[in-house]
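Here the structure comes first, spelled out in structure tokens, and everything after it is commentary.
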Amino acid sequence: MTLNLLSLLYKDIAELWLFLKRSTDEIMHQDIVPLCAADIQDQLKKRFAYLSGGRGKDGCPVITFPDYPTFSDIPDKEFQNVMTYLTSVPSLQDAGIGFILVIDRRQDKWTSVKASVLRIAASFPANLQLVLVLRPTGFFQRTLSDIAFRFSRDDFKMKVPIIMLSSVPELHGYIDKSQLTEDLGGTLDYCHTRWLCHRTAIESFALMVKQTAQMLQSFGTELAETELPNDAQSTSLVLSAHTEKKDKMKEDMKLALQEGHSILESIREPLARNPEYSLNQDQLDNQTTVQRLLAQLSETEAAFDEFWAKHQQKLEQCLQLRHFEQNFREVKVALDGVSQKISTFTDVGNSLAHVKHLLKDLANFEEKSNVSVEKARALSLEGSQLIENKHYAVDSIHPKCNELQHLCDRFAAEIGKRRNLLNKSLELHGVLETSMKWCDEGIYLLASQPVDKCQSQDGAEAALQEIEKFLETSAENKIQELNKIYKEYESILNQDLMEHVQKVFQKQESTEEMFHRRQVSLKKLAAKQTRPVQPVAPRPEVFTKSPCPSPGIRRGSENSSSSEGNVLRRGSYRRAKSEMSENQQVRSGSTGDEEESLAILRRHVMNELLETERAYVEELLCVLEGYAAEMDNPLMMHLISTSLQNKKDVLFGNMEEIYHFHNRIFLRELENYIDCPELVGRCFLGRMEEFQVYEKYCQNKPRSESLWRQCSDCPFFQECQKKLDHKLSLDSYLLKPVQRITKYQLLLKEMLKYSKNCEGAEDLQEALSSILGILKAVNDSMHLIAITGYDGNLSDLGKLLMQGSFSVWTDHKKGHSKVKDLARFKPMQRHLFLHEKAVLFCKKREENGEGYEKAPSYSYKQSLSMAAVGITENVKGDNKKFEIWYNAREEVYIIQAPTPEIKAAWVNEIRKVLTSQLQAFREASQHRALEQSQSLPLPVSSHTSPSRGNTKAVRKLEERKTDPLSLEGYGSSASLPKPPEKGKGWSKTSHSLEASEDNDGWSSAEELINSSDAEEEGGAGPRKLVPGKYTVVVDQEKGGPDALSAKSGDTVEVIHEGDEGLWYVRNLSTGQEGWVPAGSLSTLIGKSKSAQCLSSSESGTGSALLSNSSSCSESCNTTFSDLKG
């Protein structure tokens, strides 16, 4: 069909082309003359011969040779050209009759007449009908001409007669006066200049028509030979190029027609001036020639227009076809992708919420896919329109339209099928959820019935009525027949879903069985007769202890004995004991109910965790697709303000990273714990590192919120919110990650509350602690990024351990006395940041603003390196105070915490840091000693925390240091006398408030959390005696008669080892001898009298506890006035 139409179209175009070619050939072969007036214009202007337009009696054209004195001087070539041109002007019919020559020689001589006639006779190129010669008018010349003509007749060898005329009247006898010009006595209107102008214009017009015909023929050949391109772009270019050329051709033809009509008007001008004027024959011939050329030109133009219309239609249809084919390929690829994607929608859901989520996903997918489907339907309609318009490629278009329609119908069918399956799944899950809810409510009912009240007849009957009323609702809430469910939902039942149905059905049967057992028990109690009895207390061994009792159940058990007194009548002890045994069985059954109730509560918490997690993931995706992705959409760029451009990372932070973690990993892993919610803590523990992404998000939150406040009125946000149909603005959704990370700890607490004696309780507790640790780290990092004025890199200070606000007093040995007094009584408010390597003192400054801009900032004031820090745990008069002293107490900072608990937490954390530094220092010292003696390499050890092998020892150390004066490892009251009431010492006497007040307000009796305790507990057992010299690392006051008083940095020599961790030493500086705790000594390395050499990189952080170290970092040189800030 298409080939036939195409061949017919080509046949029509070919016929039109032949017709056009014949028209142009006729034009090009007509009016062809050897010479043109323009070529011999100067020769014609001489007017030695002219064609006046007159005719003889037989219609012979008249050529007049006027009197021209220099006729003999005209070159032969010019004469021949003029004769040839003049004889070519009349029509072929008129020229075939022959020409009449009128030779006017009235003013000439006979010799000239003879020469002229002979020249004309010899050179005239056409037929001659008659030659009329007006001989000279003078008597002598006329007589001479008569005689000479008779004798010279043979010289004029002409085939036509030559008639010598003596006068003009005689000429009128041969040619009518109306055909002669005025100079020959005639009335013919002739202007040689006008004649020459007309001839030049007509010949120019004829040439123009010929050239136009040639161009049309050439262009037509090009169009006829053009092959149809195979792509839309090329076809469009060909059509554009051909149209441009056609327009140029039409413009040329328009100019030619205008020129012809202008010439025609010029020829008819005399008629316009005088209607009675009659045109001579030559003028009529000129008019006919121009009219014929105009007619041929118009005919050619019409043929060309028809040919062009067919050619243009062919190209336009070709362009339509190419566009249709290109759009078809694109739409088909899109529909194939849609079909392929819809084939992946095989999941029928594992819960009611999941199915709803899948239905929503399907609806979103259908909405997005409808764009491609609508394009396909529109393209099919376009193809049908092309077929109706008799397109030449019907055979190619029709199958494609059918295929598009088939693809659209198949998509609609697949979507409908998937929706029906999901609706079926939704219906099934609704049935299962209803059954589960009924079971849960039933178990709640059983768990909520007080055991003590059920012991009475009225209570038992009331409980029975509650149960019977609840069981009446079973018909509409529970699964009646399992096989019916299988048959009705066979199309969606996969292995997992079938197992889920079976579990629900089993749960339903178990619940019914629990109700049956409870009914049996209650009926027994309700059937007993009420009679007074002597209250008998049950023996403890009779009762079975519940493996997982709750406070409510325990209270019920305690009250049961009194209620039994009202139930039992006075009678034999055996009867009472028997009834008590029955009651105990009821309580034993209630314990099982208690366990089942806890399992239900755990499932409820797990369901809440999963449902909120799915909603959270959905909300994140909605924000990322509906807002973040739209910021890159070119169609939305005009709505984005300048201040918002290129700020997507600032506004959304790492929300995409959080979404991918929850969607791809955490949510899927949570779903694995649906059947064992008590083990969900393992899921959290396994992904604790990934939860660190929230720290980065929270740190960016101030910048995000600040940007939001600047751009919240941007039309972009309003448009996105409108598209998403959100009731809340974007800032509410940007807060979701912060809310979510805090929600986890609440859910874990709930789960832990209902899983106390379950297998995963320890994991839940650890997961809760880890989540709280992450929340603390997030909170700490938010404060940390608010520090201003610190020149160094905060990350170099190690991990941030704690932060908080305190009141701070200072007492520096090197300070001015007035400054000391001022510092003693006027505290400064400082915010402290405890890192692994330093403690920072900052001044808190509240900022004006809203939200995160109102968060405080911290101006850096002072920092102390932990390598030279010591602490005093208790300060007299206040159990919320402790001391941080620096560089052997040259600088002392008294810190007052808001509560004793906060103080204890800070002291414990600082103790851990110092203990780990001491451990690292000791290991480094031991390895250096081994390296010097055995040339062994020094292994790398941790400088931030105790090794795993010393964990137990460190824990013991922490337990010991909870008591501020716990120095039991150093001696006993039997070996050393008690210390004096005032002063510092290392007695084991416990700290009381009174004892603290006796210490002059600056330190407790043991003034240290130094290397003594940590060193003693750092090893596996008591420190062994190693002969040699040691350095005192803690000031030792004389606490007894045998105790040695020594200062930090003194060098001592060990004499012998005693009990209770005491060594007997000699102070090499004073020569005194006495007992000192072994833990207060450090091995002396090299010849230095102090351990100052270990305060640098050699000792790592181990030198932190060497109080005699005088080194201080540059950051610690701030004066008191700077600190006070």
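Observations
- Extension gain for GLN385 to LYS844 (0.36 nm times residue separation, less C-alpha to C-alpha distance): 157.5 nm.
- Counted by Cβ distance under 12 Å from ILE640, the other residues give a net charge of -1, where Lys and Arg count +1 and Asp and Glu count -1.
- Between ASN672 and SER343, the FRET efficiency from the beta-carbon distance, with R0 = 22 Å, is close to 0.25.
- Over region 341-492, the pair-distance histogram of Cα-Cα distances with 10 Å bins from zero comes to 9, 23, 18, 16, 13, 9, 6, 4, 2, 1 percent, rounded to whole numbers.
- Using only alpha carbons, region 59-102 has a radius of gyration to Kirkwood radius ratio (Rg to Rh) of 1.02.
- Estimated FRET transfer efficiency (GLU719, GLN519; beta-carbon r; R0 60 Å; 0.05): 0.45
- Using bins of 5 Å that start at zero, the share of Cα-Cα pairs per bin across region 146-300 amounts to 2, 7, 11, 12, 10, 10, 9, 8, 7, 6, 5, 4, 3, 2, 2, 1, 1, 0, 0, in whole %.
- Stokes-Einstein diffusion coefficient of region 634-682, Kirkwood radius over Cα pairs, 10 °C, 1.306 mPa s, in µm²/s: 114 µm²/s
- Mean shadow area of region 263-403, taken as a quarter of the surface of its Cα convex hull (nm²): 15.3 nm²
- Environment charge at GLU619 (Cβ cut-off 14 Å; Lys +1, Arg +1, Asp -1, Glu -1): -1
- Positive-end residue of LEU670, LEU775, CYS758, charge dipole of region 654-776 with Cβ unit charges: LEU775
- Net charge of Cβ neighbours under 13 Å - reference ILE63; Lys, Arg +1; Asp, Glu -1: -1
- Derived from the Cα gyration tensor, the three semi-axes of the equivalent ellipsoid of region 593-641 are 44, 6, 4 Å, largest first.
- Label-point separation in nm, ASP791 to SER72, each point 7 Å along Cα→Cβ: 12.8 nm
- For region 688-817, a simple Cβ point-charge model (Lys and Arg +1, Asp and Glu -1, everything else neutral) yields a dipole of about 380 debye relative to the Cα centre.
- Each 10 Å bin, from zero up to the one with the longest distance, holds this percent of the alpha carbon pairs of region 861-935: 17, 38, 25, 12, 6, 1.
- Two-site label geometry, ARG268 and HIS660: point separation in nm, points 7 Å out along Cα→Cβ: 8.6 nm
- Alpha-carbon spread of region 167-241, three principal axes, descending order, Å: 84, 21, 12
- Multiplying the residue separation of GLU306 and GLU499 by 0.36 nm and subtracting their alpha-carbon distance yields 61.6 nm.
- Computed from backbone phi with θ = phi - 60° and the Karplus coefficients 6.51, -1.76 and 1.60, the 3J(HN,Hα) list for region 35-43 is 10, 10, 4, 5, 6, 10, 4, 5, 6 Hz; x is used for glycine and proline.
- Each residue of region 422-429 was assigned a 3J(HN,Hα) from its phi angle through the Karplus expression (A = 6.51, B = -1.76, C = 1.60, θ = phi - 60°), giving 5, 5, 5, 5, 4, 5, 5, 5 Hz with x at Gly and Pro.
- √(5λ) per eigenvalue of the Cα gyration tensor, region 693-785, largest first, Å: 35, 18, 7
- Along each principal axis, Cα extent of region 372-456, largest first, Å: 98, 14, 14
FYI, it's all coordinate maths here, none of it is from the lab. What you see is a predicted model; the values in this text were computed from it and never measured. As a convention, Cβ positions derive from the backbone with ideal geometry for all residues, glycine included, and neighbour counts pool all protein chains shown.
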